[in-house]
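All remarks here apply to the structure that follows.
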Amino acid sequence: MEIIDSHTHWGPSITLGTEVTTEELLHQAELSGVERIVIFPFPSTAIDDERINDKVLELGKKNGKFIPYYYIPEELRPIPVEKNFYGGKWHWVRGVQDCSSNYQVLDDPHLDLFIEASEAIDLPIVFEEELAFTEAFVKRTKGLKIIIPHLGMLGGNPFDFLKTFKQRENVYFDTALSSPETIMRSIGTIGKERILFGSDIPFGTMKRELEKILSLPIGDDEKECILSKNLTRLFILR
Ligand SMILES: [Zn+2]
C-alpha cells in the first residue's frame, strides 16, 4: 500500500532558527517507507516573506515525491489556482500561533470572499485554530475540505473536536503527535475515512509517527485509508 505523509514542514524557520532540508525529508521517507510527502513552509518564514511558497512549489515540480501546499497569507489570499499546489495551510491567522485565535478575522469582510474562492478551487486546507473559531469558520462553509492537524490537540480537546465535526463530511483530521489511544477513539467516533497520517516533521519523526499507525489494532483496509487513500481522494487530479 502507498504511504503518504500528509503533514511536514520544509525549509527555514525564523522562530526556531533551524531548517528542514529536502535531504532530511527524503532520508526520513526512505527509512520509513513513505512514498510521498506533503510539504508546507514554516509559519514565521511565510509570514515574513511569502515567496517561500514558490520555493515549496518548485521543489514539488522538481521531485514528484513532494506534494506542495500553499501557506495562506494573513491577507487571506486563496490558493493561486494557476499554480500547481495540492492544498493550503491556514495557521492561527493573525492570532498567537499554536495558542490563541484572533476572532476579529471572522469579521473581516474578505473572509467570505476567501471561503467562496476556496470552495471553487476545491483543494484541502490544513486548518489550525481554537475549536470555537474552527466551528464558526466551518459553519460559514458549504463543502470546503479542511484537515484539522493533531486531531485538534493544539486548539482544544480532540474529543470535543471530533464530537463537534462528527456529521461534517468535509472535515478531516491528521494524526500527527497524537497518542494511539486518541487515534483509536477518533476512528471509533468518525470512522476511518476522514483520518490522515501525518508526522509534523520536525516536531515528530516519520518513522515513529508511522509505526504508531501500523501498530494500531485495525485491519489493513483501515490502515490503507489513513496512510494514503483518504488524502489522494481529496486532490483534484491534474
Ligand atoms: Zn505542523
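Scan region 66-96 for residues that are touching a residue at least 60 places away in the same chain (Cβ under 8 Å) and surrounded by fewer than 19 Cβ atoms within 10 Å (Cβ to Cβ) and jot them down.
So in region 66-96, the residues touching a residue at least 60 places away in the same chain (Cβ under 8 Å) come out as 67, 84, 86-87.
N84 - this is the single residue of region 66-96 that is touching a residue at least 60 places away in the same chain (Cβ under 8 Å) and surrounded by fewer than 19 Cβ atoms within 10 Å (Cβ to Cβ).
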Anything in region 162-187 that is in contact with a Ser or Thr (Cβ under 8 Å, 6 or more places away or on another chain), of a type in the set (A, V, I, L, M, F, W, C) and within 16 Å of the ligand (Cβ to nearest atom)? List them, or say none. F173, A176
Going through region 1-39 in order, the residues found to be within 13 Å of the ligand (Cβ to nearest atom) and touching a Gly at 6+ places or on another chain (Cβ under 8 Å) are D5, S6, H7, T8, V20, V38, I39
Identify, by number, the condition in (1) within 13 Å of the ligand (Cβ to nearest atom); (2) out of contact with any helix residue (DSSP H, G or I) (no Cβ under 6 Å at 6 or more places or on another chain) that G191 doesn't meet. (1)
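Among the residues of region 99-146 satisfying the criterion of being touching a residue at least 60 places away in the same chain (Cβ under 8 Å) and charged (D, E, K, R), which is most open to solvent (accessible area, probe 1.4 Å)? Steps first, please.
Step one: filter region 99-146 for residues touching a residue at least 60 places away in the same chain (Cβ under 8 Å), giving 122-124, 126, 145.
From the residues that got through so far, the ones that are charged (D, E, K, R) too are 122, 145.
Details: D122: 56, K145: 37 Å².
Ranking the qualifying residues of region 99-146, first place goes to D122.
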For region 118-137, how many residues meet the condition of being of a type in the set (V, I, T) and part of a helix (DSSP H, G or I)? 2
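Quick check on my filter: what residues within region 147-161 are open to solvent by less than 10 Å² (accessible area, probe 1.4 Å) and within 15 Å of the ligand (Cβ to nearest atom)? Lay out the reasoning, then the answer.
Taking region 147-161 first, the residues open to solvent by less than 10 Å² (accessible area, probe 1.4 Å) are 147-152, 161.
Once the filter is applied, which keeps residues that are open to solvent by less than 10 Å² (accessible area, probe 1.4 Å) and within 15 Å of the ligand (Cβ to nearest atom), region 147-161 yields I147, I148, P149, H150, L151, G152.
Does region 156-167 include one or more residues that are touching a residue at least 60 places away in the same chain (Cβ under 8 Å) and within 16 Å of the chain's Cα centre (by Cα)?
Taking region 156-167 as the starting set, the residues that turn out to be touching a residue at least 60 places away in the same chain (Cβ under 8 Å) are none.
No: zero hits.
The values are calculated or read from the model by the stated rules, or taken from the named source; none is laboratory data. Just so it is clear, the model here is predicted, and its values are computed rather than measured. Virtual Cβ from ideal backbone geometry, glycine too; neighbours counted across all protein chains shown. The accessibility values were calculated without ligands, DNA or RNA, using every heavy atom of the protein model including side chains. Shrake-Rupley method; radii C 1.70, N 1.55, O 1.52, S 1.80 Å.
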